[in-house]
Amino acid sequence: MSPQWTVPQLIQQAIKARQQSYSPYSQFAVGAALLSTSGKIYRGCNIENSSYGLTICAERVAIGKAVSEGDRQFSQIVITTQRELLVPPCGACLQVLNEFVPHDFEIILASSTSHFEHYFLHDFLPRPFSFDSHVK
Ligand code: THU
């Protein structure tokens, strides 16, 4: 992890992102804070739409912001929802994260600055799609 950010500080950034959530349909606010290896944080929140399938998840907003700013190297992401239970990213977000992150990329699920758990991307997506992947 980049030395200038502690986990509670990253969680605060994800909570700040969640406060911007536009989620009138699900009432399920999600915030993400994506940390680049340069130490920059990209915040994202879910953005829903009355045409439900056009909804964008918080994680993909954060990664889209980063990549569009020219940043493609990340060390971890913090994800927070309004629930006390820790909620992992959806499959689509895992696949999109996989495109840009190393195998040991860390996913921190948090409900508050004092309640969080560390995972790796491969805990949730052990066999991502890529053009090189195949089964026996
Ligand atoms: N959502 C996210 O923002 N990230 C995920 O990984 C899963 C789901 C959002 C999408 C939608 O606005 C709400 O949560 C309920 O599905």
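The table below lists the values:
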{"quantity": "Wholly within region 34-120, strands (runs of 3 or more DSSP E) carrying at least 2 residues that are open to solvent by 10 Å² or more (accessible area, probe 1.4 Å), farther than 24 Å from S23 by Cβ and modelled with pLDDT of 95 or more", "calculated": "115-120"}
{"quantity": "Unmet criterion (only one of (1) away from the ligand (no atom under 15 Å from the Cβ); (2) under 23 Å from Q9 (Cα atoms)) for S111", "calculated": "(1)"}
{"quantity": "Unique match (being in contact (Cβ under 8 Å) with a residue 12 or more places away in the chain and within 10 Å of the ligand (Cβ to nearest atom)) among V67, V78, V61", "calculated": "V61"}
{"quantity": "Leading residue by the ranking (nearest to E106 (Cα to Cα)) among those in region 1-33 that are among the aliphatic types (A, V, I, L, M) and not in a strand (DSSP E or B)", "calculated": "M1"}
{"quantity": "Number of positions in region 31-55 that are in contact with an Asp or Glu (Cβ under 8 Å, 6 or more places away or on another chain) and within 13 Å of C93 (Cα to Cα)", "calculated": "4"}
{"quantity": "Subset of region 1-32 that is loosely packed, with under 15 Cβ neighbours inside 10 Å, in contact (Cβ under 8 Å) with a residue 40 or more places away in the chain and of a type outside the set (A, V, I, L, M, F, W, C) - its residue that is nearest to S50 (Cα to Cα)", "calculated": "P8"}
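The values are calculated or read from the model by the stated rules, or taken from the named source; none is laboratory data. Bear in mind that the values here come from a model prediction, so they are computed numbers and not experimental data. FYI the Cβ positions are ideal-geometry reconstructions off the backbone, even for glycines, and counts take in every protein chain you see. Remember, those area values only see protein heavy atoms, side chains included, never the ligands or the DNA or RNA. Shrake-Rupley method; radii C 1.70, N 1.55, O 1.52, S 1.80 Å.
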